[in-house]
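Okay, so here's the structure we're looking at.
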Amino acid sequence: MEKSSKLGLDASFNSELAIGGWDGKVDQRGGGIFGKQATFHPTKYLNGILNWLKKQSNFDCYTNTRVISVEEKGIELLGLGSKEVTVSTENGHSVTCKNAVEATCVPLQKLSVIVEMKFMRTYAIAMRIPKGSYEDCLIYDSEEPYRYIRFTACDEKDDYLVIGGCDHKVGQEDPSGRFEELEQWTRERFTKVTSVDYAWSGQVFESDDNVAFIGPNQGQKHVFIATGDTGNGLTHGTIAGKLIADEILGRENAWANLYNPSRMLSILKNLPGMVANDVQVNLQYKRFLQSDITDIEDLVPGSGGVLNKGLSKPLAVYKDYDGKVHTFSALCPHMKGVVCWNHLEKSWDCPVHASRFSGKGGLCVMGPAKGNLNPEDENAKTAQSIAVEG
Ligand code: FES
């Protein structure tokens, strides 16, 4: 708190702090307070940006167009020569430009900043609470893994508490029980909460020094990235818009070094943590020796598992609700990690760098992988082509 105050933030510590509405038996009195905060509606904010963009004469937006490579070509030396960037799509189209920005959660590449991040699954629920029963504030605890509460309006009768946390590394832990844990944690503290109306999970990319990577990609001058948001994507997204625009236009920006994806100093400060994370990530290749199921017959409809018979390559097997079996190679197209079945999201999650694929179609829903899981049978191929066409 002291450092925050020195930086001019409205920050203080109150050992007797009590949140209005926290009437349960668990007493976690005391906490740091950051004043002068604002909240805004993320969807309205994004719609506002999109509506503004649509009015710009040189703006085009292509959805459902998967990019598979962003390459910088040419030579620039001592102010001579020039480089250009080619962005290629899965369907064989390409766009050539002077600069490109990969604002894709995680850049579509093998390594570099990928190994300087931890990839976390995170969970959230929305619980009703009668209007006027909670003080409007955002609270975090300092547990590991942490929980937080946000507050939003619901209807004339109730408001919502959005409770989140219980994070774990993607594909490395069973997601079971996380929603229940969040619900119980809340009921123990806020006795007036009623129903759980919504529950969902998401993904967070945490950089090794907890600062986002915004700027030119490592080893490149004209390809820019914005990633490693560490749970602050709306803030970082806004910073990235300003910072990358300045860098492309050659304008000074005081924050360029702080967010530079090639920064080493702050990353090296956490070298032991980074090495430990890398070792732990590489250990995930142990799944080459593991099998989740011994027989496809054992799968209940709507579930999946990896079948590894030892000498042949591991298979990701999904049995749909009609009992039809869909089989894919279990090897992640990124760097050959063996995927895991996520029974909560019905997806295949890679424990190495957290790419994710749909359960039935094996379609890549999150990078750094650029391609889908390889279908091993006709059912899987059909599911994939239907999903791609649809
Ligand atoms: S091996 Fe890198 S995401 Fe799967």
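Inspect segment 224-232 for any residue being small (G, A, S), at pLDDT below 90, under 17 Å from the mean Cα position of the chain (by Cα) and farther than 24 Å from S82 by Cα and give the result as yes or no.
The answer is yes; a qualifying residue exists.
Look at V306 and say whether it is within 20 Å of D174 (Cβ to Cβ), hydrophobic (A, V, I, L, M, F, W, C) and either part of a loop (DSSP other than H, G, I, E, B) or more than 16 Å from the ligand (Cβ to nearest atom) (or both).
no
Tally time: how many residues in segment 185-214 are β-branched (V, I, T) and either within 17 Å of the chain's Cα centre (by Cα) or not assigned by TED's automatic domain parsing to the domain that holds Y148 (or both)?
3
Within segment 314-334, track down each residue that is part of a loop (DSSP other than H, G, I, E, B), touching a helix residue (DSSP H, G or I) at 6+ places or on another chain (Cβ under 9 Å) and either within 16 Å of the ligand (Cβ to nearest atom) or under 21 Å from G371 (Cα atoms) (or both).
Passing the criteria: P314, A330, H334.
Give V87, V101 a once-over and let me know the one that is in contact (Cβ under 8 Å) with a residue 60 or more places away in the chain, under 21 Å from F224 (Cα atoms) and in a strand (DSSP E or B).
Just one listed residue meets the conditions, V101.
From (1) buried (at least 18 other Cβ atoms within 10 Å of the Cβ); (2) more than 21 Å from the chain's Cα centre (by Cα), pick out the condition that doesn't hold for L182.
So the condition that L182 fails would be (2).
For segment 33-82, which residues satisfy the criterion of being closer than 30 Å to E16 by Cα, in contact with an Asp or Glu (Cβ under 7 Å, 6 or more places away or on another chain) and assigned to a strand (DSSP E or B)?
Correct list: F34 only.
What are the pairs with Cβ atoms under 6 angstrom where one residue, in segment 280-302, is surrounded by fewer than 14 Cβ atoms within 10 Å (Cβ to Cβ) and the other, located anywhere, is of a type outside the set (V, I, T)? Sequence gap at least six, or different chains.
Taking only residues 6 or more apart or on different chains, the pairs are P301/K319; P301/Y321; P301/G323.
Hey, could you check segment 335-360 for residues that are surrounded by fewer than 23 Cβ atoms within 10 Å (Cβ to Cβ) and within 9 Å of the ligand (Cβ to nearest atom) and say which is nearest to L289 (Cα to Cα)?
Applying the filter and picking the extreme gives K336.
For G35, only one of the following conditions fails: (1) within 26 Å of A240 (Cα to Cα); (2) surrounded by 10 or more Cβ atoms within 10 Å (Cβ to Cβ); (3) at pLDDT 90 or above. What is its number?
Unmet condition: (2).
Filter segment 9-28 for residues that are part of a loop (DSSP other than H, G, I, E, B), under 31 Å from the mean Cα position of the chain (by Cα) and more than 24 Å from V193 (Cα to Cα) and give the result.
L9, D10
How about segment 104-135: which of its residues are exposed (fewer than 15 other Cβ atoms within 10 Å of the Cβ) and at pLDDT below 90?
K110, L111, V115, E135
The values are calculated or read from the model by the stated rules, or taken from the named source; none is laboratory data. Fair warning: this is a prediction, and the values are worked out from it, not measured in the lab. Methodologically, a virtual Cβ is constructed for each residue, glycine included, from the backbone with ideal geometry; neighbour enumeration extends over all protein chains shown.
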